[in-house]
Amino acid sequence: MEELPITIHGARVLVIGYGRVGRMTAQRFQALGAKVSVSARKYADLAWAESLGLGVEQTGRLLGWLCGYDLVINTVPARVLGEAELGDLKPGCLVIDLASKPGGAGESLG
């Protein structure tokens with residue numbers, strides 16, 4: 001978090017995946033005052049997140065929307081952030097991959 005040029009309070013945070021880890025991560029950042037959105041494949045997960053006051057995005061349709069986030073946290077253990085998606089991030093956006101192998105971020109992140 002020290003890598004962010006802004007504070008968490010008021011930051012735009014995207015949590016990719018809304019399983020156990022994604023839910024807890026979204027709740028924690030929301031409690032810190034971040035503007036949190038979640039990305040999921042299942043409409044039931046999106047509806048649940050929206051009912052809790054979170055923004056929602058569909059995982060397969062992130063391209064074009066990623067540029068609005070200050071912090072992107074992936075919890076999906078599959079490749080969801082390819083080179084095109086990573087190129088869509090705004091400068092200074094921090095990407096944190098919490099997923100087990102193979103992770104969800106492109107090869108360029110290491």
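Test VAL72 against the criterion of being within 18 Å of GLY19 (Cβ to Cβ), β-branched (Val, Ile, Thr) and in contact with an Asp or Glu (Cβ under 8 Å, 6 or more places away or on another chain), and give yes or no. Spell out the reasoning first.
Working: within 18 Å of GLY19 (Cβ to Cβ): yes; β-branched (Val, Ile, Thr): yes; in contact with an Asp or Glu (Cβ under 8 Å, 6 or more places away or on another chain): no.
The answer is no for VAL72.
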(message) What's the number of the only condition in (1) in a loop (DSSP other than H, G, I, E, B); (2) loosely packed, with under 14 Cβ neighbours inside 10 Å that ILE8 fails to meet?
(response) (2)
(request) With a cut-off of at least 3 residues that are crowded, with 16+ Cβ neighbours inside 10 Å and of a type in the set (Gly, Ala, Ser), name the strands (runs of 3 or more DSSP E) lying wholly within region 34-105. (result) 35-40
(request) Kindly provide the set of residues from region 12-67 that are modelled with pLDDT of 95 or more, among the polar types (S, T, N, Q) and under 13 Å from the mean Cα position of the chain (by Cα), ordered by number. (result) THR25, GLN27, GLN30, SER37, SER39
(message) Against the condition part of a strand (DSSP E or B), without any contact (Cβ under 8 Å) to a residue 60 or more places away in the chain and in contact with a helix residue (DSSP H, G or I) (Cβ under 6 Å, 6 or more places away or on another chain), how does VAL13 come out, does it pass?
(response) no
(message) For ILE73, only one of the following conditions fails: (1) farther than 15 Å from VAL95 by Cα; (2) among the hydrophobic types (A, V, I, L, M, F, W, C); (3) under 11 Å from the mean Cα position of the chain (by Cα). What is its number?
(response) (1)
(request) Quickly run through region 19-33 and pick out the residues that are surrounded by fewer than 17 Cβ atoms within 10 Å (Cβ to Cβ) and closer than 16 Å to ILE6 by Cβ. (result) LEU32, GLY33
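The values are calculated or read from the model by the stated rules, or taken from the named source; none is laboratory data. Since the structure is predicted, the reported quantities are computational estimates derived from the model, not experimental observations. Virtual Cβ from ideal backbone geometry, glycine too; neighbours counted across all protein chains shown.
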